[in-house]
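The values are calculated or read from the model by the stated rules, or taken from the named source; none is laboratory data. Given the structure is predicted, the values throughout are model-derived calculations rather than measurements. Cβ sites come from the backbone with ideal geometry, for glycine too, and all protein chains shown count toward neighbours.
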């Protein structure tokens, strides 16, 4: 637009050329800093890569579990690359832009945090689980209604391989917030088995035979023993519980320990004529009543 308010194409094109020339001069002047900033950023990426490799080897030597190594390496790489990015911006004299980015990152981070509360909760829980000695890759755990071997602990979830070979993916927050049992943290565990004997049985003899049968197949270490106690009078039997110790690394060990104990107890009871009673039910179908109602119906028909 000229002074008279009319559009002048040549002046507009000249203004565009002038603006492009200023940009080109600015690029040429700042080209060394731009190249240097790119080189610095690339160097920090390379440094992060080699530092991560070195840290991974160091953690492997210390037998740190895979989940801890993975999270530690990721955080370290992120810190190094972010540091290099800020230095690159400083070389381009973009201090104001850097301040704006940090301010904007705070606002955006708050918005993302509100929108992804569940995801962030799982991430924080994943970091906690990775450094917990109570749960590690390879352990056999029971939690949230599932039991199996821990295959993976990442920033989002934990993967468990059940005894039927199926995999279960459980969010990390569920593991942190709820109780879990780790069968791999101890080498020995106490197994409890309940049963009952007939009212006619010699209770002292039953106790002696049961304890002996369990002790013959499950060796008790120092301080351990087979414990026997009657619990009460049932409808058809006197009930008891027997407790003993055995080697346990997973839930299956407890299952098969009970299996062996049942076989040993049943064999010992058969050899000593000890009865394990079971309830008997008598069903009355009311035959007499049914016959009377039938005769009454026939009489009315006649």
Matching entry among 250, 222, 182, 275 (being surrounded by fewer than 18 Cβ atoms within 10 Å (Cβ to Cβ), at pLDDT below 95, out of contact with any strand residue (DSSP E or B) (no Cβ under 8 Å at 6 or more places or on another chain) and on the phi < 0 side of the Ramachandran plot): 222
Test set (1) closer than 17 Å to residue 192 by Cβ; (2) in contact (Cβ under 8 Å) with a residue 12 or more places away in the chain; (3) touching a strand residue (DSSP E or B) at 6+ places or on another chain (Cβ under 9 Å) - residue 264 fails condition number: (3)
Scope the range 214-243; condition under 37 Å from the mean Cα position of the chain (by Cα), in contact (Cβ under 8 Å) with a residue 40 or more places away in the chain and outside any strand (DSSP E or B); matching residues: 214, 217, 218
Sole exception among (1) in the same structural domain as residue 39 (by TED's automatic domain parsing); (2) at pLDDT 70 or above; (3) crowded, with 16+ Cβ neighbours inside 10 Å for residue 68, by number: (2)
Of the criteria (1) modelled with pLDDT under 85; (2) part of a strand (DSSP E or B), which one residue 161 fails: (1)
Test set (1) loosely packed, with under 13 Cβ neighbours inside 10 Å; (2) free of Cβ contacts under 8 Å to residues at least 12 places away in the same chain - residue 159 fails condition number: (1)
Qualifying residues in the range 145-158 (those that are part of a strand (DSSP E or B) and over 19 Å from residue 70 (Cα atoms)) - the one modelled with the lowest pLDDT: 147
Condition met for residue 201 (over 31 Å from the mean Cα position of the chain (by Cα) and surrounded by 16 or more Cβ atoms within 10 Å (Cβ to Cβ)): yes
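Any idea which of 82, 100 is over 18 Å from residue 180 (Cα atoms), at pLDDT 80 or above and out of contact with any helix residue (DSSP H, G or I) (no Cβ under 7 Å at 6 or more places or on another chain)?
Result: 82 is the single residue among 82, 100 that is over 18 Å from residue 180 (Cα atoms), at pLDDT 80 or above and out of contact with any helix residue (DSSP H, G or I) (no Cβ under 7 Å at 6 or more places or on another chain).
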